[in-house]
Every structure is written in C-alpha cells, then in structure tokens.
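Before any comments, here is the structure.
The values are calculated or read from the model by the stated rules, or taken from the named source; none is laboratory data. Note that this is a predicted model, so its numbers are computed, not measured. Reconstructed Cβ throughout: ideal geometry from the backbone, glycine too, with neighbour counts over all protein chains shown.
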C-alpha cells in the first residue's frame, strides 16, 4: 500500500474533506459492472468501473470479511460467476465458476460457507432457488419461488434471525411479492408487496428484525421495508448509477470493535487494512499518525481508524477502540518490618489479595505459595505477582529482602507433645510422618539438625496432614508446624 502524499495528509488531519469524504461504507453494483459508493444515504460519492458486466449481487462474508459478487465474465451476459472484490481498486478474482446461468440475485450464509442464489429473467428455471457449498463448489437445488413467467425478477437475502431466505419479487405483471423461504423446512410464506410494481434485483438485510433495503433493478431507486418486510418506501433515488444490489462492508481487521489491553507492557492490539492497492492514512482520536504500514500495532488507548482513497475521494474506515485496563498494585509489607531471620524462625509477609497470586523468592516461583500472605523461613528477596480479572499483571516494584541474622539466634525445641496439642507419629519415622493438631495447620517446614530447610509445605489448611520423609537420609530432623495461632517445633528421628 502507498501512503497519501504529504499535502493530502495535511488536508486530512484538518478534516477538510467535507465535499468528497464519506463514513458510509456502502457499495452497490449495476448492470455494467460499476461499483458505486455513497456519500450518505441520499448522495453518490464516486464510482469505479470493474471491466466485468452485469453485476447481479454483492455481499460480505462474515468468515473472512471480504466482499463477493455475482458478475458475468464479460463474454456472455448469462454466464454469471462468483468473484471476490477489492472495492477500492475494482479488482475481481474468480472464486467459483457457477454452473447456473442467469442468476438474478444472491447472498451468503451467516457463517460464510454457503452461497444462495435465485434464477431470474432469461433463465429456463425462473425462480429456482439453489445453494452452493463454497468449499466444494457443489450446487444444490432447494425449491422454486413463486414467479410470473417472463416477468418476475428477484432480490434475495438471508436473514439469520429466522434462518430464512427473503425473496423480493418485482413483476411487470403486477404480482409483487415478498417470499420468506425457511431453510429448515423450505416452507414459503408469502404476501403481496406494497409500494413498488416493477423489477427488483437485490436486497440487503439491515441487521434489525425483518427490515431490508431493496434495490429497484436497473432503475434509480433503493427502497426500505417496514418491520413486516412487505411495505416498501423509497429512501434513495439517484440515477448517476443504477443499483442492482447494495452492501455495507468492513475495511479493517481486528480482534473486535473494542479491545482491552494492559498498559505499560508489550500488550498491544493489531489493526490491519483488509484491502490493498490504494492510498491510506492512520488516525488516532482524530490525529494523523506517522505509521505507513497497512498493519498497525496499537499500544495506546484511543479510537483508531483509517482514511482510504477511492478514486479521487476518500472513505473513513470503521473505528476500533483500544481501552487500557487497570494494572494491579502490589506492595509487600511485614508487621514489624523484620528483615533478619534466624534458623527455624518464620517471618510472615503480606502482599496483595484477590485475582491470581504467586509468591517468588529470588525471582523463582515458590511452589504452592499462592495466598495473600507467605511465611518466609529463609533469607532471600521475596516478591508477589498478581494477575487481575482483566488479565493484567504486576509485582511489587521493590522486593522484600530478608537477610540471615548472624548473632542472637535461639533455637527452641518443644518435645512435650501433650502440652503443644500437636502429635507427630511415628517417631522414628521411615516414610510418611503423620501430624495431628487441634488447630488448623497453615504450613509445615522440615529442617536438618543444623537448621537447613529440606522440605516446605504451604497452604495445608487442615488439622491433619501427612508429609513424605522417605527421600531423606537417616538422622535427626526438626519439624516446624505453623498453625493459625502460632508455631511449634518438634524433633523427629529417621
């Protein structure tokens, strides 16, 4: 893609395109293969000649957000095939060479996997409704719509709210009808159509109920239905280019229209142009950006969109809003600001609560340490990472550093099991040591006889526990049991 020349960029940044810029992303096709764009719903903007004749339908696929259309190949007016379309350059790419000729109108399913079409004037099978599996190209006859031989023409549109194809029939014979064909049962529910009595060639679902825009064949009008789909009112009449069908299309690819990211991280949102081959500029909150690639990585919060050139005019893309979610705040505290630890001592650290928590020692995750507090038993730099419900994460800007106390340490070993209300057995132990307490046990730490930690069990949260000592060498060990009301140290022999 090419960036707009400097002069045009300066003009765009000051919003001076009032006469030749649109935010209405509509495009229509006509009998000469011309793509027509609209400044608003009453005024043409510009048009592009494709070189393909007899445009019979235009629609966007939700599967890939691309525009597709039914056009003749320019050699035979009846031979109509499925093409993908670049609306900004008028470039067509053949997708499916359809076996059926004289297709009057077509649309695509909500999932983008199936094409539906109806045969019109000039077709031996006037009113035949068929489907095309776009993965395999298999064409399947579904049903016959009502018709006046030699007179009827159709606009067809899929309505996902009731899984029906709506067929708007315009007839010179006067039998103007709207036919709703349920795709599950193929039952045709029809009624007279009021407000029009000549050919119709295209339809577009508005996205609300049974309201449609219907194109008046190769005439000057587009019409809007009421909620019943059968009362037409003209809302657009401009004969600069006839409209056989009309569609609203997307110009940007992004994860969604509103994207949440975490600030001050590598988190970003990718926004890219769907179509290439034309000039463009990126904007954030109405301010011109310096980005020249057709893919933009958005780190900052704001509303992003692109200004895209069509011929000598311009179209605003849809907007993509980037929102910065809140980042969690983590602070590590200790009730007495104790930063010196003796062998067998425990220092209780307090961090953040809520969300998903993980404590670290010297930059390494501590297994099982996922609570708002942590009992530190050895020297080291302690920190906590919190991930909130938005997925944003952060840790304390300053670790809590605990150093070894070199003097004044006292080791107190309580072997009176009846006084402590905590029982350990068997003693001596071979494999599993059972610990029973009258209080809830929070954590258990096992030390060798010189005070080195050999195993650590966090978040026990019960009054009875078993710990595995099978992997320890024979000898004496100290077992510290930290309860909700204090701690006790027991000597165990293995």
*Kindly indicate whether residue 190 is assigned to a strand (DSSP E or B) and either over 24 Å from residue 28 (Cα atoms) or outside the structural domain of residue 110 (by TED's automatic domain parsing) (or both).*
yes
*Considering only the range 355-385, state which residues are closer than 21 Å to residue 447 by Cβ and part of a loop (DSSP other than H, G, I, E, B).*
362, 366, 367, 368, 369, 377, 378, 379
*Go through the range 331-354 and give me each residue that's under 45 Å from the mean Cα position of the chain (by Cα), part of a loop (DSSP other than H, G, I, E, B) and surrounded by 19 or more Cβ atoms within 10 Å (Cβ to Cβ).*
332, 351, 352
*Report yes if residue 146 is assigned to a loop (DSSP other than H, G, I, E, B), more than 27 Å from residue 248 (Cβ to Cβ) and either modelled with pLDDT under 85 or out of contact with any helix residue (DSSP H, G or I) (no Cβ under 9 Å at 6 or more places or on another chain) (or both), otherwise no.*
yes
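Each row is one residue, and each column tells you yes or no for (1) assigned to a strand (DSSP E or B); (2) surrounded by 13 or more Cβ atoms within 10 Å (Cβ to Cβ); (3) over 49 Å from the mean Cα position of the chain (by Cα); (4) modelled with pLDDT under 85.
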residue	(1), (2), (3), (4)
429	no, yes, yes, no
435	yes, yes, yes, no
451	no, yes, yes, yes
456	yes, yes, no, no
467	yes, yes, no, no
478	yes, yes, yes, no
491	yes, yes, yes, yes
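In this structure, is residue 414 over 13 Å from residue 341 (Cβ atoms), at pLDDT below 85, touching a helix residue (DSSP H, G or I) at 6+ places or on another chain (Cβ under 7 Å) and surrounded by fewer than 18 Cβ atoms within 10 Å (Cβ to Cβ)? It would help to see each step written out before you state the result.
Numbers: over 13 Å from residue 341 (Cβ atoms): yes; at pLDDT below 85: yes; touching a helix residue (DSSP H, G or I) at 6+ places or on another chain (Cβ under 7 Å): yes; surrounded by fewer than 18 Cβ atoms within 10 Å (Cβ to Cβ): yes.
Against the criterion (over 13 Å from residue 341 (Cβ atoms), at pLDDT below 85, touching a helix residue (DSSP H, G or I) at 6+ places or on another chain (Cβ under 7 Å) and surrounded by fewer than 18 Cβ atoms within 10 Å (Cβ to Cβ)), residue 414 qualifies.
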*Elements of type strands (runs of 3 or more DSSP E) in the range 1-114, at least 2 residues being at pLDDT 80 or above and farther than 22 Å from residue 214 by Cβ*: 43-49, 80-86, 91-96
*Filter the range 124-135 down to residues that are surrounded by 17 or more Cβ atoms within 10 Å (Cβ to Cβ) and over 31 Å from the mean Cα position of the chain (by Cα) and give me whichever is modelled with the lowest pLDDT.*
126
*Do we have residue 65 as closer than 19 Å to residue 135 by Cα, in the same structural domain as residue 138 (by TED's automatic domain parsing), crowded, with 18+ Cβ neighbours inside 10 Å and out of contact with any helix residue (DSSP H, G or I) (no Cβ under 8 Å at 6 or more places or on another chain) here?*
no
*Taking only pairs six or more apart or across chains, which ones have beta-carbon atoms under 7 Å, a first residue in the range 150-169 that is touching a residue at least 60 places away in the same chain (Cβ under 8 Å) and in the same structural domain as residue 187 (by TED's automatic domain parsing), and a second residue that is surrounded by fewer than 20 Cβ atoms within 10 Å (Cβ to Cβ) and part of a strand (DSSP E or B)?*
166/180
*Filter pass, residue 178 being closer than 15 Å to residue 118 by Cβ and assigned to a strand (DSSP E or B)*: yes
*asked:* Let me spell it out: the conditions are (1) part of a strand (DSSP E or B); (2) under 30 Å from residue 272 (Cβ atoms), and residue 326 meets all of them except one. Which number is the exception?
replied: (1)
